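The values are calculated or read from the model by the stated rules, or taken from the named source; none is laboratory data. Note that the structure is a prediction, hence the values are computed from the model and not measured. We place every Cβ from the backbone using ideal geometry, glycine too, and count neighbours over all the protein chains shown. Heads up: the accessible areas ignore ligands, DNA and RNA and are worked out on the full protein's heavy atoms, side chains in. Shrake-Rupley method; radii C 1.70, N 1.55, O 1.52, S 1.80 Å.
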Amino acid sequence: MLSQLSTLPSPMDCKSHLKENNFLYLQTDDPKFGWVEFSRKITGCELTPQYGNQLVFHVKSEPEFLELSDAKSQNALLPHTEASDFQTPPKYMALWCEEPSSCGGGATTLSRVQSFLPHLSKEELIKLMSTPLCFKASNGIHIGRTGGAISPILSFVDGKPKFRISNNYLKHGDYSPLAVHTMTYTPEPFVENICDRFLNHFERTCVAISMKRYSLLLWDNEQIVHSRKLFTDQKRSLKRIFLR
């Protein structure tokens with residue numbers, strides 16, 4: 001992780017760090033830092049629309065989402081790759097912190113896909129790569145937000161693992177279920193087993209990043225699975241972009 005620096009590292013240093021670690025955390029003291037253009041330059045990618053065709057999404061709690069496990073709630077989020085219901089999810093995503101949480105919660109947690117694969121048998125790897133799943137919100141607050149996608153959880157691109165997973169969706173049948181899971185949903189046994197094991201692995205291996213004001217967190221959405229800790233400060237405010 002890059003710690004706070006008195007001067008910004010060069011774009012080449014940031015590119016190298018991102019390539020080696022699959023994520024980059026950069027602290028600045030500049031409210032006008034051009035984080036969107038910086039993210040484009042570092043990744044070599046362009047912004048791609050998010051839900052509702054937005055290019056920049058405001059991540060801030062809203063009363064409508066109070067009881068849900070959702071980006072716009074204050075509740076914890078289970079591990080997931082972003083936009084798993086997109087035909088082509090973003091290659092990278094970035095967060096910019098405008099107002100950090102003052103309560104000590106709300107950390108973004110990251111873990112590399114690669115570290116989980118050695119814990120799977122050859123048969124399980126084959127099944128993960130050959131079993132297509134439907135990723136589409138069929139109920140809840142996000143019903144019909146995309147046309148959905150049919151994809152296995154695991155694939156490989158240029159020899160690198162590429163994950164498509166959402167513990168909320170695959171375990172609880174909803175991208176934004178109630179934070180206190182009271183709904184009855186029966187996931188497919190193999191998928192449930194993988195999700196449970198991955199969650200345990202994630203909690204053991206994840207890096208927790210409590211973003212400071214005017215900081216940038218950028219990661220590879222194919223190589224990194226992320227989640228978020230519970231927080232209580234309603235003023236917490238981030239901006240989010242997708243890049244591909």
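A compact table of results
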read-out: Probe 1.4 Å, accessible area per residue of the chain, Å²; value: 48
read-out: Overall Cα dimensions of the stretch 11-133 - principal axes, largest extent first, Å; value: 50, 43, 32
read-out: Cα-derived Rg to Rh of the stretch 40-111, Kirkwood definition; value: 0.95
read-out: The chain: calculated mean residue ellipticity at 222 nm from DSSP helix runs of at least 4, using -39500 (n - 2.57); value: -6500 deg cm²/dmol
read-out: Order by protection proxy (mean Cβ within 10 Å, highest first), peptides 52-61, 203-212, 109-118, 92-101; value: 92-101, 109-118, 203-212, 52-61
read-out: Ile126 versus Asn193: modelled label distance in nm, points set 7 Å from Cα along the beta carbon direction; value: 1.5
read-out: Charged-residue dipole, Cβ positions (Lys, Arg, Asp, Glu), the chain about Cα centre, Debye nearest 20; value: 360
read-out: With every protein chain in place, the chain: carbon and sulfur % of accessible area (1.4 Å); value: 53
read-out: Relative contact order [Cα under 8 Å, 6+ residues apart], the chain, whole percent; value: 39
read-out: Residue among Ile141, Ser16, Leu68 farthest towards the positive dipole end of the chain, charges placed on Cβ; value: Ser16
read-out: Correct choice for Cα extents along the principal axes in Å that was computed from the model, options (1) 65, 33, 33; (2) 56, 41, 40; (3) 51, 43, 34; value: (3)
read-out: The stretch 59-136 - charge dipole about Cα centre, Lys and Arg +1 at Cβ, Asp and Glu -1, debye rounded to 20; value: 420
read-out: Fully extended contour minus Cα-Cα distance, from Phe33 to Ser16, at 0.36 nm per residue; value: 4.1 nm
